Amino acid sequence: MGKPVIFAHRGASAYCPENTMSAFRKAVELGADGIETDVRMTRDGRIVCIHDGVLGRTVSGNEPVRELAWAELSERDAGGWFGPEFAGERVPTLEELMELAEGHDLILNIELKGGSDMPAELPAQVARIVRKYGWLRKTVISSFHHPALAAIRAEEPELETAILYDGHLDKPWDAAFAVSARTIHPSYGDATETMIRSSHAHGCKVNVWTVNDPELARRLIAYGADGIITDVPDLVRQATRDL
């Protein structure tokens, strides 16, 4: 097994407002190998880094992201909720994250958000952006909505894709194979040693979310986890440095 990848979940989101350039830059500063982010599409087709489908929790407003044009969304405050020093942060585009990745050779984990109401063009648009920046071999596309992974593989077969799930699956590799994925992203509660080793035996990698307990991260890596997705990449890196 190679060196486990430490992904900063929504950037270094324990220290900066999630899915902002401040969080992404902080992840680099703290030594993360990669960055995990969520993406959605605006009304005019821009791909933006934001978790929630409706504004209010982390971004000012109360409208669905899908109903706003990029010019409108870009004016909203995405940092003030976290602390006054972040007031005025805005929702970044996927292109802005790609440009940061270029400068620091980061691995990206891009999660396609939305279920059956996900815009049909979202997977293809994300694939085009990743291809434009030459990051096909340094990106994994994940989603809880597994049909979106089949769609993005159809658009760009070179992209690594990963099924996300929360809860128990007896044979998660079968769910991955059903959409031509070869990577599995379980929650830490389902990432047992047997599950990880069985996934490897079936040819699948395993990246575990969201692991903020350094000792748990050590145990998961000892089990063979290929990657850890965490809000605290510095603490996980420190705890697993000798493994």
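Taking the criterion of being surrounded by fewer than 20 Cβ atoms within 10 Å (Cβ to Cβ) and under 25 Å from VAL208 (Cβ atoms), the residues of segment 34-52 that qualify are HIS51, ASP52. You will find that of VAL206, VAL236, VAL232, VAL211, the residue that is out of contact with any Lys or Arg (no Cβ under 8 Å at 6 or more places or on another chain), β-branched (Val, Ile, Thr) and open to solvent by 10 Å² or more (accessible area, probe 1.4 Å) is VAL232 and no other. Against the test of being farther than 28 Å from GLU18 by Cα, surrounded by fewer than 21 Cβ atoms within 10 Å (Cβ to Cβ) and in contact (Cβ under 8 Å) with a residue 12 or more places away in the chain, the options ALA201, ALA222 yield a single qualifying residue, ALA222. Inside segment 88-118, can you point out the residues that are of a type outside the set (A, V, I, L, M) and surrounded by 18 or more Cβ atoms within 10 Å (Cβ to Cβ)? Once the filter is applied, which keeps residues that are of a type outside the set (A, V, I, L, M) and surrounded by 18 or more Cβ atoms within 10 Å (Cβ to Cβ), segment 88-118 yields GLU89, PRO92, THR93, ASN109, GLU111, LYS113, GLY114.
Looking at segment 117-135, can you tell me whether even one residue there is in contact with a Gly (Cβ under 9 Å, 6 or more places away or on another chain) and of a type in the set (D, E, K, R)? Lay out the reasoning, then the answer.
Filtering segment 117-135 for residues in contact with a Gly (Cβ under 9 Å, 6 or more places away or on another chain) gives 117, 119, 121-122, 125.
Filter once more, so that each one left must be of a type in the set (D, E, K, R): 117, 121.
Yes, segment 117-135 contains a residue that is in contact with a Gly (Cβ under 9 Å, 6 or more places away or on another chain) and of a type in the set (D, E, K, R).
Each residue in segment 225-243 was checked for being without any contact (Cβ under 8 Å) to a residue 12 or more places away in the chain and under 23 Å from SER13 (Cβ atoms), and 1 of them qualify. Among the residues of segment 50-58, is there at least one that is under 24 Å from ALA162 (Cα atoms), in a loop (DSSP other than H, G, I, E, B) and in contact with an Asp or Glu (Cβ under 7 Å, 6 or more places away or on another chain)? For segment 50-58, residues under 24 Å from ALA162 (Cα atoms), in a loop (DSSP other than H, G, I, E, B) and in contact with an Asp or Glu (Cβ under 7 Å, 6 or more places away or on another chain): present. Scanning segment 183-192 for residues that are outside any loop (DSSP other than H, G, I, E, B) and hydrophobic (A, V, I, L, M, F, W, C) yields one hit, ILE184.
Output the residues belonging to segment 61-73 that are open to solvent by 30 Å² or more (accessible area, probe 1.4 Å) and assigned to a loop (DSSP other than H, G, I, E, B). Passing the criteria: GLY61, ASN62, GLU63.
The values are calculated or read from the model by the stated rules, or taken from the named source; none is laboratory data. All values derive from a computational prediction rather than experimental measurement. Counting neighbours? That spans all protein chains shown, and the Cβs are built from the backbone with ideal geometry, glycine included. Please note that ligands, DNA and RNA were not included when accessible areas were found on the heavy atoms of the full protein model with its side chains. Shrake-Rupley method; radii C 1.70, N 1.55, O 1.52, S 1.80 Å.
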